[in-house]
Amino acid sequence: TEILNTVKEEHELTDVSFKTWLLPLTVHTVENDTVTILVPSEQFITYISKKFTLPLKVAISEITGHDYEIAFILPEDVKQDKTAAPAASSNLGNTAEKANLNPKYTFDTFVVGSNNKFAHAASLAVAESPGEIYNPLFLYGGVGLGKTHLMHSIAHFILERDPRSKVLYVTSEVFTNELIEAIRNGNNTTMTKFREKYRNIDVLLIDDVQFIIGKESTQEEFFHTFNALHGAKKQIIISSDKPPKDMEILEDRLRSRFEWGLIADISSPDYETRMAILRKKEELDGYDIDKEVIEYIARNIKSNIRELEGALNKIMAYANLEKREVNIELAEKVLKDIISPNEKRVITPELIIDIVAEHFDISASDLSGTKRNSKVVLPRQIAMYLCREMTNVTLKNIGKCLGNRDHTTIMNGCSKIESELNKNNETISSTLDILKKKINPGK
Ligand code: ADP
Ligand code: MG
């Protein structure tokens, strides 16, 4: 422990790196002039040996007064040892660029559990040594399990270490729309600008890459972006809802590149992890909630961390509004709609309205309300169109859900969207595709 703490202090390791990499290490043997260190799992032995051989060596010699060689060994093969190369130094970028990151999504607020342990360690490794070892990093997992949180954590970590590093986080949707825009303007300067933006950086994070598959021109451009960055040893981090091998309409050349680096999945959290996440949220938001209530939420909401947090928020908001005590009765009452076991998600106008509103970053009440500014008009028409396309609800009833509009208003809204589609408006058609996938993830 003394050795480990010395390494931590001298190298100013963050708590999270310390816990992930060093704390699990134990001394296996000290023989002749070699200290053999036991690494509990194989996955990151190369990384640990690259990063920490030298620091450990120095710390051991300081503490014992002896120079030892360091070897690493795995539990399953005590005879096999891997000596290591010295730690590599990191490269520096030159302008600060802080790209739309959520300040709350950091490694400090990320709860590590059995469902995300590997993805977390992989992300940390990449954050500590961008472009050096695992490139690309491909994170995959279902909705609301923490992919975006981990990606932002990596970006924050890198920027904190080196504010000059050029880090760019975008959703694949933004990438696509900017590309469409650059192509539509139809001159070389806009394309050159687009390429400069995406190639002249140190770290590119592309979130939800599943939304660009099936779009030929986007895949093509992304392929070239990928090659340019990878060839220059710039770090690429990609997230998706599926592993590359299951992404059906992905071009093979992109698939094979996605598989070059490290692929890590995040699965659904187990009960302990769900509890830990709720506790963390309670701590961060400064709540003090009955254990029984937390347990009730953790027991009943299983597959999605966003819903888990949403449930807690909903209870707190309700208690606040009604000035009621937070107890199990209140929790049961508030969550009864969310907790309907194993029920398949039915597509309703309400669901579509919620998803469209969230997508455009406006509130559901503004979406169905009476405002007529540009921020709400198009989303409202899109919601009308999707309600008609994706449900069997009559125009009259769609109108009721959308702020009591009559059926001709809904019909007009739908034809606006149709006429854009007939004009080959690619932005609209790509937005519609994404929304359809969000509304009905199974398809
Ligand atoms: P995804 O991108 O996989 O759909 P997000 O990263 O948006 O999921 O996560 C959904 C919500 O759950 C976010 O508010 C995020 O902070 C939270 N969350 C997910 N995983 C964790 C975790 N391990 N610890 C703490 N919060 C988490
Ligand atoms: Mg996400």
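Among the criteria (1) among the acidic types (D, E); (2) free of Cβ contacts under 8 Å to residues at least 24 places away in the same chain; (3) farther than 21 Å from L159 by Cα, the one E196 does not fulfil is (3). The residue that is farthest from ligand 1 (Cβ to nearest atom), among those in region 122-148 that are under 14 Å from the mean Cα position of the chain (by Cα) and surrounded by fewer than 22 Cβ atoms within 10 Å (Cβ to Cβ), is G142. Can you name the residue in region 205-237 that is over 19 Å from K438 (Cβ atoms) and β-branched (V, I, T) and, of all such residues, is surrounded by the fewest Cβ atoms within 10 Å (Cβ to Cβ)? Taking the candidates together, the pick is T225. Helices (runs of 4 or more DSSP H) wholly in region 198-296 with at least 1 residues that are away from ligand 1 (no atom under 16 Å from the Cβ) and closer than 23 Å to V143 by Cα - which ones? Of the helices (runs of 4 or more DSSP H) lying wholly inside region 198-296, those with at least 1 residues that are away from ligand 1 (no atom under 16 Å from the Cβ) and closer than 23 Å to V143 by Cα span 216-231, 252-258. Beta carbons closer than 9 Å, at least 6 apart along the sequence or on distinct chains, never pair a first residue in region 134-152 that is within 21 Å of K438 (Cβ to Cβ) and among the aromatic types (F, W, Y) with a second that is near ligand 2 (Cβ under 8 Å from one of its atoms) and assigned to a loop (DSSP other than H, G, I, E, B). Tallying residues that are assigned to a helix (DSSP H, G or I) and open to solvent by 40 Å² or more (accessible area, probe 1.4 Å) within region 378-394 yields 4.
The set of residues in region 164-182 that are farther than 11 Å from Y198 by Cα and either in contact with a Cys (Cβ under 9 Å, 6 or more places away or on another chain) or of a type in the set (K, R) (or both) contains only R164. Which residue, of V356, V326, is crowded, with 17+ Cβ neighbours inside 10 Å, of a type in the set (V, I, T) and either under 30 Å from R299 (Cβ atoms) or modelled with pLDDT under 90 (or both)? Result: V326 is the single residue among V356, V326 that is crowded, with 17+ Cβ neighbours inside 10 Å, of a type in the set (V, I, T) and either under 30 Å from R299 (Cβ atoms) or modelled with pLDDT under 90 (or both). Take the conditions of a type in the set (G, A, S), at pLDDT 95 or above and farther than 24 Å from E173 by Cβ and apply them to A264. Does it pass? Against the criterion (of a type in the set (G, A, S), at pLDDT 95 or above and farther than 24 Å from E173 by Cβ), A264 does not qualify.
Summed over region 235-246, the residues that are away from ligand 2 (no atom under 16 Å from the Cβ) and either in contact with a helix residue (DSSP H, G or I) (Cβ under 8 Å, 6 or more places away or on another chain) or hydroxyl-bearing (S, T, Y) (or both) give a count of 4.
The residues on offer are R274, R257, and the sole one that is open to solvent by less than 50 Å² (accessible area, probe 1.4 Å), modelled with pLDDT of 95 or more and not aliphatic (A, V, I, L, M) is R274. Whenever a residue of region 58-76 is part of a loop (DSSP other than H, G, I, E, B), its partners that are open to solvent by 60 Å² or more (accessible area, probe 1.4 Å), lying with C-beta atoms within less than 8 angstrom and at least six residues away or across chains, give the pairs H66/D33; D67/D33; D67/K57; Y68/V30; Y68/D33; Y68/K57; P75/P40; E76/E42. Close contacts from region 411-432, counting a first residue that is more than 21 Å from G214 (Cα to Cα) and a second that is aromatic (F, W, Y) and surrounded by 13 or more Cβ atoms within 10 Å (Cβ to Cβ), with Cβ to Cβ under 8 Å and a gap of 6+ residues or different chains, come to G413/Y385; C414/Y385; I417/Y385; E418/Y385.
The values are calculated or read from the model by the stated rules, or taken from the named source; none is laboratory data. Since this is a predicted model, take the numbers as computed values, not measurements. As a convention, Cβ positions derive from the backbone with ideal geometry for all residues, glycine included, and neighbour counts pool all protein chains shown. Quick note on the areas: whole protein, heavy atoms, side chains included, nothing else; ligands and nucleic acids left out. Shrake-Rupley method; radii C 1.70, N 1.55, O 1.52, S 1.80 Å.
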